[in-house]
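Enquirer: Sending over a structure as structure tokens; questions will come in a sec.
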Amino acid sequence: MNNEVLLNNPAWSALTTEQSFFARGNEAFKRYQPGILSFAACADPGNSDPARLDEWLEAGESFYMIGELPAIPGNWKVEFTLPCFQMVLTTLNRNARSGDAPIRILGEADGEEMYELINSLQPGYYLKDTRQLGTYMGIHDNGKLVAMAGERMRMSGFTELSAICTHPSYTGKGYAQQLIIALCEQHKAAGITSFLHVSAANERAVSLYEYMGFRKRTSINFTKLKRI
């Protein structure tokens, strides 16, 4: 059975298992390679010296930490905190599929269009090379990318769904549900449990994910910090 304790500190779990290739840092603090993802984590937030992460951060760099924070050093500034729900898939509701548009795997040639779409809707979390973290799928209309979803943090037994977005002109067509189901089916076939994070204020999205078969596992904060 998958060990959900890994989800308590998801960035650390990812950086020390399936995504160790993208890790920079030491035995106590790690971050994703610059340009891939602006997430950093510590092994034990309650008993850590966060100054040890400084050497891995650029002056003026903003980054995110998920969940419990270490003691904040004087040269770090908290920019904002986003309360989220962490949700884990229990039983996928395939009846939630409400469309049948063609889906294709996105690759390097789609990179700029992926970056522009997600950052026009959810700025700040997706970088130019975030797509390297996993599989991304998209739906096109007349050659234009109008919806996408993919994988972000991956750890032993778990993969996070992320970058779930639809261009405002195409909402209501069920594209997000199609993409989520496609990714979750891929995870199930590989023996992986799907999970995601969603803003606690986004009641519509939370309800959709619950309908699709996700349960709220815990409340968890995404905190944006800056090394001054």
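Enquirer: Of the residues in the range 13-41, how many are open to solvent by 40 Å² or more (accessible area, probe 1.4 Å), under 22 Å from Gly124 (Cβ atoms) and not in a strand (DSSP E or B)?
Expert: 2
Enquirer: Based on this model, can you work out whether Gly124 counts as open to solvent by less than 80 Å² (accessible area, probe 1.4 Å), assigned to a loop (DSSP other than H, G, I, E, B) and either under 29 Å from Arg217 (Cα atoms) or out of contact with any strand residue (DSSP E or B) (no Cβ under 7 Å at 6 or more places or on another chain) (or both)?
Expert: On the way: open to solvent by less than 80 Å² (accessible area, probe 1.4 Å): yes; assigned to a loop (DSSP other than H, G, I, E, B): yes; either under 29 Å from Arg217 (Cα atoms) or out of contact with any strand residue (DSSP E or B) (no Cβ under 7 Å at 6 or more places or on another chain) (or both): yes.
When the stated conditions are applied, Gly124 passes them.
Enquirer: State all residues of the range 166-204 that are in a helix (DSSP H, G or I), over 20 Å from His140 (Cβ atoms) and modelled with pLDDT of 95 or more; if no residue qualifies, say none.
Expert: Passing the criteria: Cys184, Glu185, His187, Lys188, Ala189, Glu203.
Enquirer: Residues Arg217, Arg152, Arg204, Arg131: which one is basic (Lys, Arg) and free of Cβ contacts under 8 Å to residues at least 24 places away in the same chain? Outline the logic, then answer.
Expert: Details: Arg217 fails: free of Cβ contacts under 8 Å to residues at least 24 places away in the same chain; Arg152 fails: free of Cβ contacts under 8 Å to residues at least 24 places away in the same chain; Arg131 fails: free of Cβ contacts under 8 Å to residues at least 24 places away in the same chain.
Only one candidate qualifies: Arg204.
Enquirer: Six or more apart or on different chains, Cβ under 6 Å: which pairs go from a residue in the range 175-201 that's of a type in the set (A, V, I, L, M) to one that's in a helix (DSSP H, G or I)? Could you list them?
Expert: Every condition considered, the pairs that remain are Val198/Ala205; Val198/Val206.
Enquirer: Where residues in the range 42-56 are over 14 Å from Thr223 (Cβ atoms) and at pLDDT 90 or above, which of them is surrounded by the fewest Cβ atoms within 10 Å (Cβ to Cβ)?
Expert: Taking the candidates together, the pick is Asp44.
Enquirer: Among the candidates Ala101, Ala71, which residue alone is closer than 30 Å to Gln177 by Cβ and either in a loop (DSSP other than H, G, I, E, B) or among the aliphatic types (A, V, I, L, M) (or both)?
Expert: Ala101
Enquirer: Could you please let me know if Ala71 is more than 13 Å from the chain's Cα centre (by Cα), of a type outside the set (Lys, Arg), at pLDDT below 95 and farther than 17 Å from Phe39 by Cβ?
Expert: For Ala71, the condition - more than 13 Å from the chain's Cα centre (by Cα), of a type outside the set (Lys, Arg), at pLDDT below 95 and farther than 17 Å from Phe39 by Cβ - is met.
The values are calculated or read from the model by the stated rules, or taken from the named source; none is laboratory data. For clarity, every value in this text was computed on a predicted model and none was experimentally measured. All Cβ positions, glycine included, derive from the backbone under ideal geometry; neighbour counts span all protein chains shown. Heads up: the accessible areas ignore ligands, DNA and RNA and are worked out on the full protein's heavy atoms, side chains in. Shrake-Rupley method; radii C 1.70, N 1.55, O 1.52, S 1.80 Å.
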